[in-house]
Protein chains: 2
Amino acid sequence: MARTQGSHSDITGPRIRKAALGLFARHGYAAVSMRQIAKDVGVQAGALYNYTPDKQSLLFRLMQDHMQDLLAAYGELEKPADAETALRRFVGFHIRFHMERPDEVFIAYMELRNLTPENFSEIEGLRRAYEDSLEAILQDGQKSGLFSVADTKIAILAVIAMLNGVMTWYRAGGRLSLDEVEQVYWDMVRRAVTA
Amino acid sequence: MARTQGSHSDITGPRIRKAALGLFARHGYAAVSMRQIAKDVGVQAGALYNYTPDKQSLLFRLMQDHMQDLLAAYGELEKPADAETALRRFVGFHIRFHMERPDEVFIAYMELRNLTPENFSEIEGLRRAYEDSLEAILQDGQKSGLFSVADTKIAILAVIAMLNGVMTWYRAGGRLSLDEVEQVYWDMVRRAVTA
DNA sequence: GTCTATATGTGGATAGAC
DNA sequence: GTCTATCCACATATAGAC
């Protein structure tokens, strides 16, 4: 039986999220209107509310999906026994995963303050779970005497902050290949934590 | 002669900037209305326009003042001849200067996309001037064989990104003193760039 | 310099026809 | 499921009285 004219539930939902993703990343959540998103998708503003109860949920779902994807992808990596190899793999994974999703990363970092308190807690929990995976590597390396950092908690945040810096300047087709970027960062991270 | 009743040009201007600073940092430029700022100051919204032609100028001036303060303060530091001491001083300066101005720093990083193109270029120029001062230190250290980094441009951005990470977690009265934080970061930066 | 009042536009979200 | 039409709150900015 033919679908009702103008009915596209299977494709409009993803298109809405994709449009919101791009617009939120470019202009910021607060600066983007539901009408802009609708226009990008090619529907009227009212139609968006068949897919999201409100604008906040749209933002939250984008961030939640991103963080869950991150944790799932990291979970599928094999974990080498030796800490240096594990850290190297973490650095490579982090850079590549984030480079492939610049909009999601940008939003996850910039729009935390636009989440409701409940939604914020949820995202914070996911972020911490990811940081814990790096902490495990650093502590393992310190036990074996391979690594040495003055403060593990700070080192985790410092390494992640350093790696996230890639997103602010790297552009495909630039001076360096992704392999080279990964190598340069790994070199600095390794030296920063090695005993 | 007595001032006109309700006239406070000498104090209202700074209060407006201070209120805007706090509100922009907490909620984001796009999410803050001129009415909110006015309420915070204790005047009506229309009165703000005696001090700023528009909301955009308010944002721009906050960012411009911050970057100019940063460059001026760094310019007044004495510059040790040896690169390691110079880098150590840079790290300490950067951490302390930024920790004392969390709102300004937050805005300078988060609200770049809400500047008009002309204003953006202006701020970008100031930011680059600051990065150049770190580049000079790293290149000096590499000439003397003290430092060794795979890519100087990346190293600059990596170091600054790492240091800026402090702002996301440090709170006065926490586990570590500012001296300790400075020491821990210096330790990582030094190792990351030392030959 | 600040106020009140207002012009003018846009925001999120909903109702009901198709 | 999407549309049109609309409610109502709030946005930036200005005008003119005091």
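Table for the structure above
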quantity: Most mobile listed residue (A:ILE154, A:ILE11, A:ILE123) in chain A, GNM with C-alpha springs under 10 Å; calculated: A:ILE11
quantity: Accessible carbon and sulfur surface of the protein assembly as shown relative to its total accessible area, %, 1.4 Å; calculated: 50
quantity: Computed over the protein assembly as shown, Kirkwood Rh from alpha-carbon pairs, angstrom; calculated: 23.3
quantity: Relative contact order for chain B, counting Cα pairs under 8 Å that sit 6 or more residues apart, in percent; calculated: 23
quantity: Value at 222 nm in deg cm²/dmol, rounded to 500, when DSSP H runs of n ≥ 4 in chain B each add -39,500 (n - 2.57); calculated: -22500 deg cm²/dmol
quantity: Angle between chain B longest axis and helix B:9-27 axis [Cα atoms, degrees, rounded to 10]; calculated: 60
quantity: Helix A:55-76 axis, angle to chain A major axis (alpha carbon atoms, nearest 10°); calculated: 40
quantity: Exam field: A:PHE97 pseudo-label spacings to other copies (7 Å along Cα-Cβ), nanometres; calculated: 3.5
quantity: Label 7 Å beyond Cα on the Cβ vector: A:GLN36 copy-to-copy distances, nm; calculated: 1.6
quantity: Trypsin sites (Lys or Arg not before Pro) within segment A:106-177: DSSP coil, no more than 11 neighbouring Cβ in 10 Å; calculated: A:ARG171, A:ARG175
quantity: Calculated label separations, B:ARG61, copies of the chain, 7 Å along the beta-carbon direction, nm; calculated: 4.3
quantity: Angle between chain B longest axis and helix B:117-143 axis [Cα atoms, degrees, rounded to 10]; calculated: 20
quantity: Contact surface A-B: accessible area buried, both sides summed, square angstrom, 1.4 angstrom probe; calculated: 2800
quantity: At most 15 other Cβ within 10 Å, DSSP loop - GluC sites (Glu not before Pro), segment A:77-165; calculated: A:GLU78, A:GLU100
quantity: Summed side-chain charge close to A:ALA158 - residues other than A:ALA158 whose Cβ falls under 12 Å, Lys, Arg +1, Asp, Glu -1; calculated: -1
quantity: Segment A:87-195: C-alpha gyration tensor shape, a/c 1.5 cut-off, then a/b vs b/c; calculated: oblate
quantity: 1.4 Å probe accessible area per residue over chain B, in Å²; calculated: 51
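The values are calculated or read from the model by the stated rules, or taken from the named source; none is laboratory data. Computed from a predicted model, the values in this text were never measured in an experiment. Neighbour counts are summed over all protein chains in view; Cβ atoms, including those assigned to glycine, are modelled from backbone coordinates with ideal geometry. Keep in mind that these areas ignore ligands, DNA and RNA; they rest on the heavy atoms of the full protein, side chains included. Shrake-Rupley method; radii C 1.70, N 1.55, O 1.52, S 1.80 Å.
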